[in-house]
Amino acid sequence: MFSRSLAMSEIIEIARISRMHAYTFVAVAMGFFIWGMLSTFAPISTLISSFIPKSMYVLVLTLPLIFALLGNFIMGVFADRLGRKLAFMITMLSYGIGVVLFMVSQSLPVLMASLFLTQFGVGGEEPALLALLSENFPVRYRGAVLALMPNFANIGAAVASGIAILTAGAFYPTKVAIGITALIAIAVLIVSRLLMPESIRWMEIKGRAEAARSYVSGLSVTNERFEPVVPSTGIWFRFAFLAVIGISQFLSFGLMAYILGPAEFPSLTAQILFVANVGASVAGFVGAYIVNTVSRKAYTLFSYLGGLVTMFLILPFASTSSLAIFYVLLFLNMAFSEFAWIARTVLEPELFPTGMRASMIATIRVLAYGTYIGSIFLTFSFTVFQYIIYNVGLWLLGVVGATMWLLRGFETAGRSLRGLDGRP
């Protein structure tokens, strides 16, 4: 048990893992799993739906992302003002309806409606999910949990693309199998989210200390003590750094995993999705261990340098005449992309105060989504060579950002986040 002199956020930082954490783990993992499955709906639809002419591929792939962008921003602000759990109720309703529409869609308008709803929902969950993880898990596990949970999105995308491969891209079997799998996951998600607690830190800063205390009253704690984060840069420098590495990773991953198939190799869309997400999934478990044991700053630079090198290696092999080598190199590049994603998802909630955490994460991701949408329009008519060179440039941007943070940033590994809220 704990001393009543401890603040709720301090108890969370040194707590032992409990049932509360288990419910949160399942709820967040399933949320990201569904995010991954639903992110494949648009590219898989271009593969299986005869009612989508190739001239409409770009719009099918990009218009839903505008709703993901809106979901990120609107629900990120909502989560900071009214709570993480209430935001989840809205997002689950949105993508639950969207999944049903996807299963019954036989025309482009119905399909687009399903994509709008699913993308608004999963886009809206990201900021609140990352904020909740950083706010409710002990310091000693925070890096690993922030790294591991988003990896379930890769697993979800691999499952959906694997289903498309197994059904040979047949229209009805593919949609029904993917849809039923997603609905089962949503059912598990609803139960786990009803059982998990609200963010303890959020309740504390909103003046709901007694409600927070009721959640943690049964927790036992360790004797660990963690020094607080000592911010050495302003919030807007942190924002700029995270925006740069976010644009680099989000665009390079999305363009290679989700857009390369429809743009350059339409018949290989499901296979490229599968290889990319399996590579990212495997790397996610490795990265979750590494990021929790080394300097965040060094880890970030390592991840982006690896992505840059492996993207260069892909350049001479991006063709159907060397598919085996291409798939191996794509697997490796997506592994480093996952390492870079881990760097982002760990650092985003670790660099902002509680009261603006979800909103700032949302704003960064709005920038990433916006540039991603523009990049799809820009690159869809590129040759394969031009397409890979563009991605090399994106990775180079990430290396610049990671180097900037290595030189001027501050360390967050193994540190208490109370320093971000101005508390010693």
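Looking only at residues that are touching a helix residue (DSSP H, G or I) at 6+ places or on another chain (Cβ under 8 Å) and part of a loop (DSSP other than H, G, I, E, B) in region 9-47, which one is surrounded by the most Cβ atoms within 10 Å (Cβ to Cβ)? Steps first, please.
Narrowing region 9-47 to residues touching a helix residue (DSSP H, G or I) at 6+ places or on another chain (Cβ under 8 Å): 9-15, 17, 20-21, 23-47.
Keeping just the survivors that are part of a loop (DSSP other than H, G, I, E, B) gives 17, 40.
Working: ILE17: 14, THR40: 26.
Ranking the qualifying residues of region 9-47, first place goes to THR40.
Please tell me if GLY279 is within 18 Å of the chain's Cα centre (by Cα), over 20 Å from LYS54 (Cβ atoms), free of Cβ contacts under 8 Å to residues at least 60 places away in the same chain and crowded, with 19+ Cβ neighbours inside 10 Å.
Working: within 18 Å of the chain's Cα centre (by Cα): yes; over 20 Å from LYS54 (Cβ atoms): yes; free of Cβ contacts under 8 Å to residues at least 60 places away in the same chain: yes; crowded, with 19+ Cβ neighbours inside 10 Å: yes.
Yes; evaluated as a whole, the condition is true for this residue.
Which condition number in (1) modelled with pLDDT of 95 or more; (2) crowded, with 21+ Cβ neighbours inside 10 Å is the one that VAL291 fails?
Among (1) modelled with pLDDT of 95 or more; (2) crowded, with 21+ Cβ neighbours inside 10 Å, VAL291 violates only (1).
Hey, any hits in region 344-355 for a residue that's in a helix (DSSP H, G or I) and more than 28 Å from ARG142 (Cβ to Cβ)?
First, pick out the residues of region 344-355 that are in a helix (DSSP H, G or I): 344-350, 354-355.
If we keep only those that are more than 28 Å from ARG142 (Cβ to Cβ) too, we end up with none.
Looking for residues that are in a helix (DSSP H, G or I) and more than 28 Å from ARG142 (Cβ to Cβ), one finds none in region 344-355, hence no.
Any residue in region 59-81 that's modelled with pLDDT of 90 or more: show its pairings with residues that are not in a helix (DSSP H, G or I) at Cβ separation under 7 Å, as long as the two are six or more apart or on different chains.
Pairs that qualify, where the first residue is modelled with pLDDT of 90 or more and the partner is not in a helix (DSSP H, G or I), are VAL60/ILE52.
Taking interchain pairs and intrachain pairs at least six residues apart, which have beta carbon atoms under 7 angstrom, with the first residue in region 39-55 and touching a residue at least 24 places away in the same chain (Cβ under 8 Å) and closer than 12 Å to SER105 by Cβ and the second surrounded by fewer than 18 Cβ atoms within 10 Å (Cβ to Cβ) and charged (D, E, K, R)?
The qualifying pairs do not exist here.
Taking the residues in region 386-424 that are modelled with pLDDT of 95 or more and over 25 Å from the mean Cα position of the chain (by Cα) as candidates, determine which candidate is farthest from ASN292 (Cα to Cα).
It comes out as GLN386.
Rundown of residues vs (1) surrounded by 24 or more Cβ atoms within 10 Å (Cβ to Cβ); (2) in contact with a Gly (Cβ under 9 Å, 6 or more places away or on another chain), yes/no style:
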| residue | (1), (2) |
| --- | --- |
| VAL122 | yes, yes |
| LEU132 | yes, no |
| SER161 | yes, no |
| GLY169 | no, no |
| GLY179 | no, no |
| LEU195 | no, no |
| TYR215 | no, no |
| GLY218 | no, no |
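Under the condition of being buried (at least 24 other Cβ atoms within 10 Å of the Cβ) and of a type in the set (Phe, Trp, Tyr), which residue from region 294-326 is farthest from LEU255 (Cα to Cα)?
TYR299
Among residues belonging to region 327-355 that are in contact (Cβ under 8 Å) with a residue 60 or more places away in the chain and among the β-branched types (Val, Ile, Thr), point out the one that is surrounded by the fewest Cβ atoms within 10 Å (Cβ to Cβ). Don't jump to the end; show me each part of the working.
So the first thing to find is which residues in region 327-355 are in contact (Cβ under 8 Å) with a residue 60 or more places away in the chain, and the list is 330, 333-334, 337-338, 340-355.
Then drop every residue that is not among the β-branched types (Val, Ile, Thr), which leaves 342, 345-346, 354.
Working: ILE342: 30, THR345: 26, VAL346: 29, THR354: 22.
In this case the residue turns out to be THR354.
Please specify each residue of region 247-276 satisfying the condition of being surrounded by 21 or more Cβ atoms within 10 Å (Cβ to Cβ) and aromatic (Phe, Trp, Tyr).
PHE250, PHE253, TYR258, PHE274
Let's see how each residue does on (1) farther than 30 Å from ALA170 by Cβ; (2) touching a Leu at 6+ places or on another chain (Cβ under 9 Å):
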position	(1), (2)
TRP202	yes, yes
ALA243	yes, yes
ILE247	yes, yes
GLY261	no, yes
ALA270	no, yes
ALA280	no, no
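Across region 189-214, what is the total count of residues that are of a type in the set (Gly, Ala, Ser) and in a loop (DSSP other than H, G, I, E, B)?
Step one: list which residues in region 189-214 are of a type in the set (Gly, Ala, Ser), which gives 192, 199, 207, 209, 211-212, 214.
So of that shortlist, the ones also in a loop (DSSP other than H, G, I, E, B) come out as 199, 207.
Here the count works out to 2.
The values are calculated or read from the model by the stated rules, or taken from the named source; none is laboratory data. All figures in this text were calculated on a predicted structure; none of them were measured in a lab. Methodologically, a virtual Cβ is constructed for each residue, glycine included, from the backbone with ideal geometry; neighbour enumeration extends over all protein chains shown.
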